[in-house]
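For reference, the structure is listed below as structure tokens.
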Amino acid sequence: MLCERGMTIFMAIWLRLSLFFILSKTLDFVLLPAVWLVALLLGALVAQPWGQAQRRWLRAAGLLVLLGTNNALVNEALLAWEKPPVALRAVAPADAVVVLTGVTAISKSPHDRVYLQHGADRVIDALWLYRSGRARRIIISGGSGAVLSVANTEAKDLATVLRLAAVPKEDILLEERSRNTRENAKFTKELLSKHPAIKSLVLVTSGFHQRRALACFAKVGLYPQSFPADFYTTDRSWTPDYWLVPDIGALGRWSLLLHEMAGYAVYKVAGYC
């Protein structure tokens, strides 16, 4: 009886996690502007040549390109979503700064160095906080997130960068199990239970990701100060090039924003934040 009950609970948990994974991946795909563009062009391709339907498909595709490549529109949308920068002097001294990973290429060879990608200023900002006396220790939270085994976790790679910057080993704590934002919060909480002297935190992650990260940490009972990094926005401008010059990279920023907003919504529904 107990065995059957345990199996039922296990299957329920597995099903919930599977549905969460499928939903998140499906939303990632559906919300890609590039996918919308391909769908519109395919619609035009299969429509009757020079017919009214084809013209509608092409007009819709043209409108998507016009709006999707407008740098000002995506910048304004991201400015509304991103948590704004915080001045160093505004950060109260804390026991530790928590850095969320997701900024290294762990599957890149040879494994004799650390390959930093977009978002590397997460670790740089953590170093700023440490060197300025705003944080006495640095906690790096993040496993590999890879299906296959890799040489190092992301946390270990960023620890290597900090050691190169002469941060003492005893001032660096690693959380190497997490694969997503919810687990960042959950496993950081477990790590802190082994270090009761650490009571106050500063959280460093990308500005667009800070909203979800803070909510996940609050869900497990941690309330760090916010210190966003890795901004995809620029200051608002009134020059013609800001509003009128197309930028193909804007499509990528729209994808990033829609992905994060969908992730936040899914986390809310799942009760993770």
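Within region 88-226, what percent of beta bridges assigned by DSSP are antiparallel, to the nearest 5?
Restricted to region 88-226, the bridges split so that about 5 percent are antiparallel.
Could you sort 121-129, 221-229 so that the peptide with the highest average Cβ count within 10 Å comes first and the rest follow in order? Can you show the working numbers first?
Working: 121-129: 21.7, 221-229: 19.1.
Highest-to-lowest ranking by the protection proxy: 121-129, 221-229.
Per DSSP H run of at least 4 residues, take -39500 (n - 2.57); add these up for the chain, divide by its residues and hand me the 222 nm value, nearest 500 deg cm²/dmol.
Helices in the chain give a 222 nm mean residue ellipticity of -17000 deg cm²/dmol.
On the first, second and third principal axes, largest extent first, how far apart are the outermost C-alpha atoms of region 88-226 in Å?
Over region 88-226, Cα extents along the principal axes are 40, 31, 30 Å.
What do you get for trypsin sites (Lys or Arg not before Pro) in region 59-116 restricted to DSSP loop and a cutoff of at most 16 other Cβ within 10 Å of the site's Cβ?
The qualifying sites are 108, 113.
From a point 7 Å beyond the Cα of residue 59 in the direction of its Cβ, which residues of region 31-45 have a backbone N at a distance under 15 Å?
Zone members listed by number: 44.
Applying the Karplus parametrisation 6.51 cos²θ - 1.76 cosθ + 1.60 with θ = phi - 60° to the phi angles of region 69-83, what ³J(HN,Hα) value in whole Hz is obtained for each residue in order, glycine and proline being reported as x?
So the J values, rounded to whole Hz, are 9, 7, 4, 5, 4, 5, 5, 5, 5, 5, 4, 6, 8, 4, 6.
Arrange 46, 38, 65 by Cβ neighbour counts within 10 Å, fewest through most, would you?
46, 38, 65
Looking only at the chain, where both bridge partners belong to it, what percent of the DSSP beta bridges are antiparallel (to the nearest 5)?
On the way: 2 of 19 bridges.
Here the share of antiparallel DSSP bridges comes out near 10 percent.
If the reach is capped at under 26 angstrom between alpha carbons, list the lysines near residue 83, excluding any in the same chain fewer than eight residues apart.
Result set, ordered by chain and number: 25, 186, 189, 199, 219, 268.
Filter the trypsin sites (Lys or Arg not before Pro) in region 148-227 to those in DSSP coil with at most 12 other Cβ atoms within 10 Å of their Cβ, and list the result.
Loop-located and lightly packed - 194, 199.
Just so you know, all these numbers are worked out from the coordinates, no wet-lab data involved. The shown structure was predicted, so the numbers you read here are calculated from the model rather than taken from an experiment. Here the Cβ is made from the backbone with ideal geometry for all residues, glycine too, and neighbour counts use every protein chain on show.
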